[in-house]
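Novice: Just passing along the structure, written as structure tokens.
The values are calculated or read from the model by the stated rules, or taken from the named source; none is laboratory data. Not measured: the values here are computed from a predicted model. Note that we place each Cβ from the backbone using ideal geometry, even for glycine, and neighbour counts take in every protein chain shown.
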Amino acid sequence: MSRRPRKVAALATLVMALGGGSAYAAWSATTSPPPASFSGAPDWTPPAVTAAAIKKSTSGYSAGYVRPGGQYYVYAQVATDTGNPPSGLAGVTSNLTGLTSGQSAAALSAGTYSVEGVTYKYRAGPFTVSAAAGNTTYSVSARDVAANVFTTTSQPVVVDGTAPTGSDVQTTNVSGGTAGSAEAGDTLTLTFSEPIDPNALVSGWDGTARAATLELANGGGSAPDTVQLFNGTSPITALGTIRLPDKGYVKAIVDFTNSTMVLSGSTLTVTLGSTNGAKNVSTGGSGTTQWVPTASLYDRAGNALTSTTVNGSGSNAAF
Ligand SMILES: [Ca+2]
Ligand SMILES: [Ca+2]
Ligand SMILES: [Ca+2]
């Protein structure tokens, strides 16, 4: 330090004092002899963390929910560093101690990731949830070379330890339609005890309206008619078995193509489209519709559904 040019050292000291110890000077302090004038300018501004997310590491769409003992990644997006001139991004870390003990400064690595349709450029993990069920928080920090640090406010994340179940199944006649007879505009509604991850039904699905085919199958012998939902030509088997109250609704397999389905929170609604099998549609009786969903379904945190037989509330006339 004793050989440091006095003028440079003095200015550097001033810059450090103004910056509260977080300044960056864009000149070389070892320049010798010192230049006649200085063009250096400080970087007072940290790189902003503009978005952050946590998502379970198993397949799924939904962010912000993890389960005890489950694994997850933390994601962040960071704005280009500023300053005059900017010193540049030095690192991105996350304080995850609300979820995982010991992870107070997990280092995020650069990459390209997508969470709920949003692109993130930094990620760390997977980490295992050591926290018990409940609401908790995490934060993400970005630091530049001049040691300016930006830290997000506390971001919410839910540790969900409760498995979902099916809770109701209903068929509803379209306004002005024929009760007990399936036709375009009729709806099938499946309700869960809590929101389900749409990825469990169709890979990559965000739950917004999409095309589907609702198929009614004729029950053999005394068995009731049943419902199967298709994504394109692929049956959505995770939904399980849906038994209508009666065997009289169809006389053969009838496909309602151009149907649509929407998963909004805890409710999956299928609206029947047109069919070219109308000649095989009859009017059946009313009673209890039964639904046996499968454990392939899971909630936003990744808890597998507990499968039990769901008896539809009230009396269903099967559309
Ligand atoms: Ca900066
Ligand atoms: Ca749950
Ligand atoms: Ca109807």
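Novice: Conditions first: (1) closer than 21 Å to Pro293 by Cα; (2) touching a residue at least 60 places away in the same chain (Cβ under 8 Å). Ala182 passes all but one, so which condition is the exception?
Specialist: For Ala182, the exception is condition (1).
Novice: Related question: For residues that are crowded, with 18+ Cβ neighbours inside 10 Å and assigned to a loop (DSSP other than H, G, I, E, B), scanning just region 152-162, find the one that is farthest from ligand 3 (Cβ to nearest atom).
Specialist: Thr152
Novice: Every residue in region 114-131 that is under 15 Å from Tyr72 (Cα atoms) and in a loop (DSSP other than H, G, I, E, B), please.
Specialist: Hits for region 114-131 are Glu116, Val129, Ser130, Ala131.
Novice: Would you pick out the residues in region 281-303 that are more than 16 Å from ligand 3 (Cβ to nearest atom), surrounded by 18 or more Cβ atoms within 10 Å (Cβ to Cβ) and in a loop (DSSP other than H, G, I, E, B)?
Specialist: Of everything in region 281-303, those that are more than 16 Å from ligand 3 (Cβ to nearest atom), surrounded by 18 or more Cβ atoms within 10 Å (Cβ to Cβ) and in a loop (DSSP other than H, G, I, E, B) turn out to be Pro293, Leu297, Arg300, Ala301, Gly302, Asn303.
Novice: Is it true that some residue in region 171-181 is assigned to a strand (DSSP E or B), away from ligand 2 (no atom under 16 Å from the Cβ) and at pLDDT 95 or above? Reasoning before the result, please.
Specialist: Of region 171-181, the ones assigned to a strand (DSSP E or B) are 171-172.
Within this subset, residues satisfying the condition of being away from ligand 2 (no atom under 16 Å from the Cβ) are 171-172.
If we keep only those that are at pLDDT 95 or above as well, we get 171-172.
Yes, region 171-181 contains a residue that is assigned to a strand (DSSP E or B), away from ligand 2 (no atom under 16 Å from the Cβ) and at pLDDT 95 or above.
Novice: Kindly indicate whether any position in region 84-95 is within 16 Å of ligand 2 (Cβ to nearest atom), surrounded by 20 or more Cβ atoms within 10 Å (Cβ to Cβ), touching a residue at least 24 places away in the same chain (Cβ under 8 Å) and part of a strand (DSSP E or B).
Specialist: no
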